[in-house]
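Let me begin by presenting the structure, written as C-alpha cells, before commenting on it.
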Protein chains: 2
Amino acid sequence: MSEDPTPDQIMQVGLGFWASKTLLSAVEMELFTELARHPESGEALRDRLGLHPRSSQDFLDALVALGFLERGDGVYRNTPSTDLFLDKHNPSYIGGILEMANQRLYRFWGGLTEALRTGQLQNEAKSGEMPFFQALYADPARLKGFLAAMTGLSHGANLAIARQFPWHEHETFVDIGTAQGDLAVQIALANEHLTGVGFDLPEVAPIFEDYVEHNGVQERLRFAAGDFFADDLPKADVLVMGHILHDWSLDEKRKLISKAHEALPEEGALIVYETIIDDDRSKNAFGLLMSLNMLIETEHGFDYTAADCMGWMTDAGFSRTRAEPDRAGLNGHRREVAARARTPASGADCYARPGCTREHSRRPGVRLGLQEPSVSKGKP
Amino acid sequence: MSEDPTPDQIMQVGLGFWASKTLLSAVEMELFTELARHPESGEALRDRLGLHPRSSQDFLDALVALGFLERGDGVYRNTPSTDLFLDKHNPSYIGGILEMANQRLYRFWGGLTEALRTGQLQNEAKSGEMPFFQALYADPARLKGFLAAMTGLSHGANLAIARQFPWHEHETFVDIGTAQGDLAVQIALANEHLTGVGFDLPEVAPIFEDYVEHNGVQERLRFAAGDFFADDLPKADVLVMGHILHDWSLDEKRKLISKAHEALPEEGALIVYETIIDDDRSKNAFGLLMSLNMLIETEHGFDYTAADCMGWMTDAGFSRTRAEPDRAGLNGHRREVAARARTPASGADCYARPGCTREHSRRPGVRLGLQEPSVSKGKP
C-alpha cells in the first residue's frame, strides 16, 4: 500500500503558493524586523502591523507551523534563521529579493502560461508601466538597500570564489556588474596582493565606494562606470561575471564572453558564475525555474548548463574550459561549478551555485542570479 | 558550521510560487493528459500544446527536476503519480482543484496582505465579477467535472469514515453538502444495512444520482434538495458535515451544529470532518493556510481546532465530544481526528484530516476542504 502513488507532492507543490505568499506578506509587513526588537504577543503584533483581528492569529500561527516563527505562552519570536536573515536592520538581511518577489514577481508569474505560449516577458515592460529597475536606480536610498540585500544573499558564494580560485597567479581583476561590490571586496580581502575594479552603471558608484571603504580596501579597489555592451570592458588579469549572462540572449552572451576575451591578456582568466543547470537538465530545479524567471523578466534571457557555457567560451577563443565542483561552501554543501578555462593564452572559469540568488539590475532586463544560501558569521 | 542558520528554507518557501505556478500551468495546458496517451518528444509536445520554443525545454525539464515528469532519450512521460492523478480521462484525476487554483486562487492570494489588514475577502465578490461558483453551477457539464475532481481528492478519507465510524449502531444517515456523493456512496457500500440521503443545492441532483447509480447503491441513497441555512435538515440517525463548517462565520457554524442537533434523534450522532488545525496551532500548516484561504474566499469563514469544534458541539447540547485519531488512512499516515460526541441522548463526531482538500460550492462563499491525499486503487 505504501508504494502506491499518492497525490501528496502534487498538492503540496500545486498549492505551494499559499505558504509562499504568506511568507512574502510577512516580509512585506516587516514582521520579522519588528520581532527582532523583542518578542511580542499576538495582540501587540496585530496593533503594530495593522492586522485585522479576523485572521491575524491564523497568519502568525501559520508562520509558526511553517517554521518561520516560534511561539511560547502566546508570545511570538523569530527563529534563529528569520532573526538573522529577515531583520532589515541586520547586515545579513536577505529580504530584498523577497520584497521584490512579493511586489513584482508573484503577479508577473501569473502570466506564465501566456509567456510559455508566446515567448514574451510578463513584467512592467509588457504593460508599459515604469520599469521597476528604472525607478529603483533613480532612488539612491532604495537602490542602496536593495544592493545591500543582494550582498547578504551572495556573500557565502563570494567568500568561496575569493578563496577557491588561484588568485595568487594574478595581479588584477574586474568584477563586471559589481553592484554593492561584495564579490570584489571579498576577493580583495582574501588576496592582499590584488587590486581590482568594480564595473557597473554610474548610479552604483557611491554605493560601491561606501561599501569598499567600510571594508577598508579602498586603496586596492576602485569603481569604473560603464555599460558592458556599449563600452569596452576594463582590462585586467581576471574578469568575473557573476549572475550576468543569464539576463541576455545567446548572441548577447557570446558578445560579452568575446569582449571579456578581448580584455584579457595572454595569461588571463574569465570567471562566470550563475545558477547553473545540471548538464542532464534533470536535477537542478532551481536553475530551470530561474530560466523561466528570465522568460518572465527579460526579452531573451535564459539560464544555461556548464556544457553550454564552456562551449561559448571555446567558441570565443578560450581553451581548457572546465567545470569545477565548489566544495568550499560554508554550509558544507557540494555545489556544482561550471566551466573553467585556463590556457597559457587565456582562460575562463565558470563557477556555478545551484540555488543561489542575487538580484541587481543593469538595463531594463533584470539580472537575477540566485545564491545558494551560505552566509558567513562575520558581517561585512 | 553546519549548525549555523541558513536562509535555505526562507528562500525555498519565499520563491516557492515558481514551482507552484509551473505545475499549475502544466495542469492548465493538460500536459499530463496529453502524455497519458503516450510519451512524446519535446518538439511534439511543443506543437501539441502550443508552446513557444523560447522556454519550452526549460518548462518541461523543470517539471522533470521537480519530479512530475520523467525523461529518457529526449522523450517525456508522466510519473506514476502524475499519470494517475493528473490525466483528465482517469477517474482518479485530482486536477480540478489545481485548475481552480490556477484560474482563481493564485491571483486572489496576491491580495493576501490587504486581506490580512482589512479582513476582507479578495475573490470575485470583491470586484463585482460574476462569482465563479455561480458560473460553475450554471453549467452542468463543467459542474460535473469539477465535483468529480473533488471526489478523487476526498476518496481516501471517505473510505476511512465509511469504515471507522460505528455505523452498525445506526440505520440512516444524511451527507450534508454531498456534492457528487462519494462519501455517501462509500458509507453505503461499506455498510449494507444503511440507507442515506445526499443533501445539496438542486443543481447537484443529476450529478449525485448518476454517481450513485454508477456505484449500484441507488436503492439505498436518494437526493434531497435544499439550503442548509434556509431549510430544515433532513432527519436521520447520523448527520455528516464534511468540509462544510469552515466556509462560515462562528455564528453560522453554531447554527449549523444546532440544526444538526435538532435533526438527530436521542441516539443520533453528528460527524464533522475538516482540515482540522492542531489544538496547539503550531503544527498543521495546511489547516492554518486553509483558514487564510477562507479569508481570501469567504466573508467570514475560518478553519478551527478539534477543541473549538468540541466546544461548539457541547454548547449546542451534544455531549461526550471527542477527537479521535484516524489510523485507517490508506497511506498509513496518522491523521488527527477532531471531536466526537456520543451520548445516550445524542452525539457528535468530528473527523479531521490535516492536509485534505475537496472543493465544492454552496453559496457565494466557497466551501473548500482539503483531503489528505490517499486515493484507493479501485475506481468508483
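Here is how the numbers come out for the structure above:
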item	result
Amide H within-cut-off set for residue A:305, under 5 Å, with H built and near neighbours excluded	A:277
For residue A:238, residues with placed amide H under 5 Å, excluding near neighbours	A:172, A:173, A:174, A:269
Cα-based reach from residue B:259 at 13 Å (exclusive), listing aspartates and glutamates while leaving out same-chain residues under 8 positions away	B:227, B:231, B:232, B:251, B:315
Length released on extending from residue B:314 to residue B:126, taking residue separation times 0.36 nm less the Cα-Cα span	64.1 nm
Accessible surface of residue B:227 - all protein chains present, 1.4 Å probe, nearest 10 Å²	40
Entries of A:21/A:255; A:88/A:253; A:21/B:126; B:21/B:255; B:21/B:88; B:88/B:126 with Cα pairs more than 28 Å apart	A:21/A:255; A:88/A:253; B:21/B:255; B:88/B:126
7 Å along Cα→Cβ, label-point gaps from residue A:144 to other copies, nm, shortest first	6.6
Accessible area of the range B:137-197 belonging to carbon and sulfur atoms, whole % at 1.4 Å probe	54
Long-range HN-HN contacts of residue B:69 with modeled amide H, under 5 Å	B:64
For the range B:104-183 versus the range A:39-96, the gap between their alpha-carbon centres in whole angstrom	31
³J(HN,Hα) computed for each position of the range B:225-239 - Karplus, 6.51 cos²θ - 1.76 cosθ + 1.60, integer Hz, glycine/proline x	8, x, 10, 6, 8, 7, 10, 5, 7, x, 8, 6, 5, 10, 10
Size of the A/B contact, given as accessible area buried on both chains, probe 1.4 Å, in Å²	7600
Radius 11 Å from Cβ of residue B:189, net charge of other residues (Lys, Arg +1; Asp, Glu -1)	0
For residue B:266, inter-copy label distances in nm, listed shortest first [label point 7 Å out on the Cα-Cβ vector]	10.7
For the range B:23-122: accessible area per residue (Å², 1.4 Å)	36
19 Å cut-off, amide nitrogen to a point 7 angstrom out along residue A:107 Cα→Cβ, residues in the range A:130-145	A:130-137
Low-density loop positions, GluC sites (Glu not before Pro), the range B:101-155 - DSSP coil, at most 16 other Cβ in 10 Å	B:129
Ascending list, in nanometres, of distances separating the residue B:117 label from those of the other copies (7 Å, Cα toward Cβ)	3.4
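The values are calculated or read from the model by the stated rules, or taken from the named source; none is laboratory data. Predicted, not measured: the structure shown is a model, and the values here were computed from it. Cβ coordinates were reconstructed from backbone atoms using ideal geometry, including for glycine residues, and neighbour counts include every protein chain displayed. Quick note on the areas: whole protein, heavy atoms, side chains included, nothing else; ligands and nucleic acids left out. Shrake-Rupley method; radii C 1.70, N 1.55, O 1.52, S 1.80 Å.
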